[in-house]
1. Provide a single number: the residues in segment B:505-533 that are surrounded by fewer than 20 Cβ atoms within 10 Å (Cβ to Cβ), away from chain A (no Cβ under 14 Å) and modelled with pLDDT of 70 or more.
2. Please list, ordered by residue number, the helices (runs of 4 or more DSSP H) wholly in segment B:404-482 having 3 or more residues that are under 14 Å from the mean Cα position of the chain (by Cα).
3. Residues to consider are A:ILE64, A:ILE87, A:ILE38; find the one that is within 14 Å of chain B (Cβ to nearest Cβ), outside any loop (DSSP other than H, G, I, E, B) and more than 29 Å from B:ARG692 (Cβ to Cβ).
4. Just to be sure before I move on: is B:VAL95 touching a Pro at 6+ places or on another chain (Cβ under 9 Å) and part of a helix (DSSP H, G or I) in the structure I sent?
5. Among the residues of segment B:593-615, is any under 30 Å from B:LEU335 (Cα atoms) and either at pLDDT below 85 or within 13 Å of chain A (Cβ to nearest Cβ) (or both)?
6. Return yes when B:VAL587 is more than 14 Å from every other protein chain (Cβ to nearest Cβ) and modelled with pLDDT of 90 or more and no when it is not.
7. Is segment B:587-595 home to any residue that is assigned to a strand (DSSP E or B) and β-branched (Val, Ile, Thr)?
Amino acid sequence: MSANVPGDQQRGGESRQVLTFVLGEETYGVDILRVQEIRGWSAVTKIPHAPPHVLGVLNLRGSIVPIVDLRMRFALERAEYTAITVIIVMSVVTSAGRRDFGVVVDGVSDVVDVNAAEVKPAPELGARGATDYLLGLVSIAERMVVLLDIDRLIGRDLSAIAGGEDGDAMAADAA
Amino acid sequence: MTVDLTQFHGAFFEESFEALDAMEAALLKLDIGAPDPELINTIFRVAHSIKGGSATFGFSEIASFTHSLETLLDELRSGAMPVSEDVSEVLLKSVDVMRAMLRAVQAKQPIDAQRVSDLQFDLEVIIARKNQAPPTAAVPQPPAASAAPRWQVRFRPYRELLARGNDPLRMLRELSELGETRVQIDAQNLPPLTDIEPQDCHLAWTLELPGEVGEEAIRQVFDWAEGDCDLEVTRLPEGASDLAVEVPPSPSSPAEAPVALEPPPAPLASQEPPSAAPAPEASAAASRPENTVKADPSMSAHADSGSIRVSVDKIDELMNTVGELVITQAMLSQLGGQFEGPQAEQLRAGLAQLERNMRELQESVMRVRMLPISFVFSRFPRMVRDLAHRLGKQIELKLTGEQTELDKTVLEKIGDPLVHLVRNCIDHGIEPPETRIASGKPPAGTVHLDAAHRGGNIAVEVSDDGGGLDKARILSKARARGLVGANDTLSDAEIYELIFLPGFSTAEKTTDVSGRGVGMDVVRRNVKSLGGAIEVSSESGRGSRFTITLPLTLAIVDGQSVAVGTETYIVPLISIVESMQLKNGSVSRLSGQGEVFSFRGDYLPVIRLHQVFGVEPRTRALHEGLVVVAEGDGRRVGLFVDDLLGQQQVVIKSLETNYGHIEGISGATILGDGSVALILDVPGLIRVASMRRAA
């Protein structure tokens, strides 16, 4: 369960390494190169006026990092946070630059090689919100893994918070 | 194998810019007619070392120019030629030219050869005992960058822009920090070289910035130039762009040069405390008072003070690591208190020692970021001299407390407001010599800049002995604008407060120095953004005094921890008036206005923090918790909390690095147990609360 697996640099080889994790009954995967570290659950500090799936902030070796509950983001049933609840710290690229954040998941499974040719596009799932953060589906050891584009999934949330509030702050300053 | 000299370029530029600052300061102190030989030596040394350095590195244009300069200085040094007003003028221009050349070479841009050779010609002419002619000059080339364009900014400075202390270079650089900027320069108004006045700005720029940059942010960059330029900010439709030229990105900007502790492009950053150089317009020899001394010993001391250059990034990293250590140490101390047994006592003694050392370490690291305010003050002697010259006034500039240290970030941002205040003093405050003599004052007015520590703050004062603020005129102007009712009577303080309103100016005619009604509101906004305050006092006929109070550093705040439910918040001590417990029944309800309580004869609104922040409190009954009376933006409120926890200095961490701005919160900090606590922004909180009430 280490994040220190060297990333697959051969983009041309059409294969890349993906960290998979479990949320309820489902398995998801993210690009391993985006993963900064994996740590256990600890209590967060709530932040006011945040969207409900942003639980709060944590101290990650001196920098303040927001924590997102993926279950809530995906509108899954909420789970209790226990000693074995895991936070994956990742970095996203937003219009405002690189940002770090943590996601709360039920557990981390494995690091797997995914061949681009095996990735199937995600089916249209009707009108239940935008699903463009789904990169595709891939089958690994009989299980379906949902590959996530975290820039789209989280980055957009974060830049919406930063963008909207910055404008307000400036207007308020001028007043 | 040859040595790669380019690795030394950074240091050469840094040293040369500093040396030029020293040279400029020395020139301004130079007495016409009876020059101090030590000053001439200093000037000579600067020219000599720049000549040597640039020859070594193969910057032949600089070497050639400094050679001519050196020849002239040699004449002065040997006394073969007197120091005249003309000579001093040409030497000052040489400083500007050398600075421009160095900057061009540093940015790997072509040197403005015409400007250099013209001035060089002047030097030769003077050496040949002829007369001087004004050199021609062009404005420094702006940095440029490329990007996908969305905002179009047309920036057409008026000719006087530079003379008024604005630096288009700095503005363009600030813009390029907002996002990738594409720049096109419009040089068509550039007159023939023979007609150019070096002080005038003839260039205009068209810039394009990415669409996600806020319009407000773009306009703020030009705050200081408002009234000195035509500015158009328009949104371009997708894909449209007038600018076809792709220019290489910013390394051309001098600020991005490898060494980070760079001297800002404005003429400052001299280690040497610049003593005041009065800038009388005609009687130079007559009025060089005592304040022109002092600096010289430190000038030579500075040469071998054993300092090294370190990039700010490294210092910030160091600060972060120390911050972490402090937290770990606090954790260990807490843990150590729970141990029992024979060795526990030893452990606790060791931990106490560790705590003391940590505190010292933290203070030392903080001090590394502090710089003397002389870095900012040093730009004034030249500015005051030029301004006084143009306005036909006699001004003595007095600088005191230049060694007062404050944080580099604060230092960088206080320059523009101070320039504005000093400009105002000279233009509006100090009367023309005839008026002064008529009212029994010495013909030369005094502008005094002072800096001093006051408690945990630093106070910077700009005062003059001019006419003072004209209360009657301010008031009548405010009435004419409908800002004050016709029958309202205002106290003096309230009247002075009016000048900080946007668009307020009482100058009878708009001079080319000030009076367009820009400024005091911008000054106040800038000071406030640093967490400071500005106050004004004035006495008719005796002068006025502006006092800016600033925090020593932006990195640390003295805070009171308060508990609300399970959460801990930090209230900055500076905004706390008092903490108190309300008696049952002492709170009244105003219909639609929420709860109020009586405090020293006023009724203050209660802000329930648990409501604003949406947390579950321990108690909702006001008399069971505590009320922290806090002040922000001149308004007082009572913050309702569960309990007070303790006072401590906290290191401010940005929430915006990874998250975003939260209204009512100025940042976060890490507590002794490693958890995060939010720091309240009281003025912001008052705004949030009043919005909620209105909603």
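The values are calculated or read from the model by the stated rules, or taken from the named source; none is laboratory data. Since we're looking at a predicted model, the values are computed, not measured. Note that each Cβ is placed from the backbone with ideal geometry, even for glycine, and that neighbours are counted across all protein chains shown.
1. Residues in segment B:505-533 being surrounded by fewer than 20 Cβ atoms within 10 Å (Cβ to Cβ), away from chain A (no Cβ under 14 Å) and modelled with pLDDT of 70 or more: 1 in total.
2. Values: elements: B:408-424, B:433-438, B:471-480.
The qualifying helices (runs of 4 or more DSSP H) are B:408-424.
3. Values: A:ILE64 fails: more than 29 Å from B:ARG692 (Cβ to Cβ); A:ILE38 fails: within 14 Å of chain B (Cβ to nearest Cβ).
Answer to the selection: A:ILE87.
4. On the way: touching a Pro at 6+ places or on another chain (Cβ under 9 Å): yes; part of a helix (DSSP H, G or I): yes.
Criteria met by B:VAL95.
5. Our first condition is that a residue be under 30 Å from B:LEU335 (Cα atoms); within segment B:593-615, this holds for B:615.
With either at pLDDT below 85 or within 13 Å of chain A (Cβ to nearest Cβ) (or both) added as a condition, the list becomes B:615.
Yes, segment B:593-615 contains at least one residue that is under 30 Å from B:LEU335 (Cα atoms) and either at pLDDT below 85 or within 13 Å of chain A (Cβ to nearest Cβ) (or both).
6. Details: more than 14 Å from every other protein chain (Cβ to nearest Cβ): yes; modelled with pLDDT of 90 or more: no.
In short, no.
7. First pass over segment B:587-595, keeping only residues assigned to a strand (DSSP E or B): B:587-590, B:594-595.
The next check asks that each one be β-branched (Val, Ile, Thr); those that pass are B:587.
Checked segment B:587-595: at least one residue is assigned to a strand (DSSP E or B) and β-branched (Val, Ile, Thr).
Every residue, every condition in (1) modelled with pLDDT of 85 or more; (2) touching a Cys at 6+ places or on another chain (Cβ under 6 Å); (3) away from every other protein chain (no Cβ under 14 Å), yes or no:
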position: A:GLY126; (1), (2), (3): no, no, yes
position: A:LEU148; (1), (2), (3): yes, no, yes
position: A:ASP166; (1), (2), (3): no, no, no
position: A:ALA169; (1), (2), (3): no, no, no
